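Scroll down for the structure; my scribbles are underneath it.
What follows is calculated from the coordinates using simple rules that are stated; it is not laboratory data. These numbers were taken from a predicted model, which means no experiment stands behind them. Cβ coordinates were reconstructed from backbone atoms using ideal geometry, including for glycine residues, and neighbour counts include every protein chain displayed.
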Amino acid sequence: MNGGSLPIVPVLAVTTATQALTTLAALAMTAVAPRAALELGISPALVGYQIGVVYFGAMVISPVGGGLVRRLGATRTSQLALWLTAGGCLLSALGTLPALAAGALVIGLGYGVTNPAASHLLSRLPPTQHMNLVFSIKQCGVPIGGVLAGLTMPPLTLAWGWQAALVVSAFFMVVLSLFIRKTRCAWDGDRDRGATVLASPLESVRLVWANGILRWLALSSLLYSAVQLCLTGFLVTYLVREIGLELVLAGTILAAVNAAGAAGRLAWGWLADRLRSGTAALILNGILSVAGALATAAIAADWPVWAIVAATALFGFSAVGWNGVFMAVIVRQSRPEAVALATGGSLTVTYVGITIGPAAFALLHDAGGVSYADGYALLTLLVAAAIGCLALARSKRSLK
């Protein structure tokens, strides 16, 4: 399933833009949670459960992501991701709790097939020694999506309401899906029209679990992803409810955190290439994440805005910056014909962390009385466990 090399700049542009807008869909509710919760009469911490539903959908579909890429082609699968996330935003915009739950699930189904498609396209780029950086550039779509959520959702919410903000988001996803249609004939020449999508939904998971290196890498991503989504999912609510900031300012700080994460993805990708070891870079990333989590937990109401930005941006630089290096390591540890399967299987484990992490964070706050600040401090335990998983992956054999 090769089909020849693809042009690097257009592929990076399309995969990054697709990642950005599907991430915007996944994180849109986190940026408007205080206002939406007020109108719905619920706790804003419930956004943690909404995020959990989004990534539960991603987890469910991720094992068949490789099969979809085989059958439809990576470009068509990317279009499908955009259509599903747009539809989920429109469902959520109906403004009822059942609609929010259904919309979150549909968004997750779209989000879950984004990475297998992108990894397949990126694996067909001309050979390069800078694979960590290439994947990190593409994975910058995640914090870019977070920046878009932080900068656009609160102002649109104040102007027209949070439901209208979701409709605007859906519009941009549809536009991008139409734009990338022109690349399909050139990029999907390796699709297998006879491939069976559901022949073995767990094939990708078994592939990962049978490989000791991939297994420990996937488990580390489960923990890192839980930390990342707790940071971005609750930051606006934390800053509004416990620190006393205005919604737009809190959303702007969320955008700054995601911008720091985008810079982090590039920096960690560059460092991994220089070290010639993605896992070493991921361990260093975890050490910095501990410092960022503790700094974010220490924020007080009398801190100046610049200090709040600095503390949260440090956390974002590390906790949002790891994904590109992780994806590159997965690709390097996989056979060329199994890249989409290994990516889908690994991300199935990743999405378990995203599904459980924010929901557990919300439960600790609402049922356990744990403050958001203390919750961020507790995330250091997850980071420490992830570092242990990475060390075990490295112990299997010499790992790059």
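List of remarks:
- Selected residue (criterion: surrounded by the most Cβ atoms within 10 Å (Cβ to Cβ)) from residues of the range 60-72 that are out of contact with any Ser or Thr (no Cβ under 6 Å at 6 or more places or on another chain) and within 15 Å of G344 (Cα to Cα): G65
- I299 meets all of the listed conditions (1) assigned to a helix (DSSP H, G or I); (2) β-branched (V, I, T); (3) in contact with a helix residue (DSSP H, G or I) (Cβ under 6 Å, 6 or more places away or on another chain) but one, namely (1).
- Listed by position, the helices (runs of 4 or more DSSP H) contained in the range 107-176 that have at least 1 residues being of a type in the set (K, R) are 131-139.
- Boolean, V339 is within 18 Å of the chain's Cα centre (by Cα), under 21 Å from V113 (Cβ atoms) and of a type outside the set (S, T, N, Q): no
- All positions within the range 88-100 that are assigned to a helix (DSSP H, G or I) and closer than 16 Å to W162 by Cα: G88, C89, L90, L91, S92, L97, A99, L100
- Residue that is nearest to A362 (Cα to Cα) [pool: residues in the range 228-277 that are part of a helix (DSSP H, G or I) and of a type in the set (V, I, T)]: T237
- Answer from A13, A36, A58, A74 - the residue that is touching a Phe, Trp or Tyr at 6+ places or on another chain (Cβ under 7 Å), more than 30 Å from D366 (Cα to Cα) and of a type in the set (A, V, I, L, M): A74
- Selection status of L364, part of a helix (DSSP H, G or I), in contact with a Gly (Cβ under 8 Å, 6 or more places away or on another chain) and either buried (at least 22 other Cβ atoms within 10 Å of the Cβ) or free of Cβ contacts under 8 Å to residues at least 40 places away in the same chain (or both): yes
- Any chance V168 is within 23 Å of the chain's Cα centre (by Cα), of a type in the set (A, V, I, L, M, F, W, C), more than 29 Å from Y49 (Cα to Cα) and surrounded by fewer than 24 Cβ atoms within 10 Å (Cβ to Cβ): no
- All positions within the range 329-372 that are hydrophobic (A, V, I, L, M, F, W, C), touching a helix residue (DSSP H, G or I) at 6+ places or on another chain (Cβ under 7 Å) and farther than 17 Å from E203 by Cβ: V329, V331, V352, I354, I356, A359, F361, A362, L364, V370
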